[in-house]
1. What value, in deg cm²/dmol to 500, does the helix sum -39500 (n - 2.57) over DSSP H runs of n ≥ 4 give at 222 nm once divided by the residues of the chain?
2. Counting only protein heavy atoms, what percent of the accessible surface of the chain is carbon or sulfur at a 1.4 Å probe?
3. How high is the relative contact order of the chain? Use alpha-carbon pairs under 8 Å, at least six apart in sequence, and give a whole percent.
4. For Ile5, Ile16, Ile26, give me the order by solvent-accessible area with a 1.4 Å probe, most accessible first, ignoring ligands, DNA and RNA.
5. Taking the DSSP beta bridges in the chain as the whole, what percent of them are antiparallel, to the nearest 5?
6. Just the number please: accessible area per residue for the chain, 1.4 Å probe, all protein chains included, in Å².
7. Could you state the orientation-averaged shadow area of the convex hull built on the Cα atoms of the chain, in nm² to one decimal?
8. Excluding same-chain pairs closer than 8 in sequence, count the lysine pairs in the chain whose Cα atoms lie under 16 Å apart.
Amino acid sequence: MKRGIAGSLESNDALITVKESNSLKITVKSIVYDYFHEQIEKVIKDTLAELGKDNVEVVCEDKGALDYTLRARLITAVERMEAQR
């Protein structure tokens, strides 16, 4: 199974893991989950839609990352997953 990882668990960053799947599944673990989980999920869903990916499993371990960081980490993780043979 292909898998891509990007980011870190440092403050203001996120570690995002993407795996091939039969359907879209998003798991968010965040230090600011109570306040921003809807926004985090929206950024993930919007980015996946732009990339044309709807059959992946995404695990986001967020440490307070801003939207552009989440987006960059997700794009990189997807690219790394796709680069595997």
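The values are calculated or read from the model by the stated rules, or taken from the named source; none is laboratory data. This one's a predicted model, so the numbers in the text were calculated from it and none came from an experiment. Surface areas here come from the heavy atoms of the whole protein model, side chains and all, with no ligands, DNA or RNA. Shrake-Rupley method; radii C 1.70, N 1.55, O 1.52, S 1.80 Å.
1. Helices in the chain give a 222 nm mean residue ellipticity of -14500 deg cm²/dmol.
2. Exposed carbon and sulfur together represent 45 percent of the surface.
3. That works out to 48 percent.
4. Ile5, Ile26, Ile16
5. On the way: 12 of 18 bridges.
So the antiparallel bridges in the chain amount to around 65 percent.
6. Ligands and nucleic acids excluded, the result is 63 Å² per residue.
7. That works out to 4.9 nm².
8. Lysine pairs meeting the criterion: 13.
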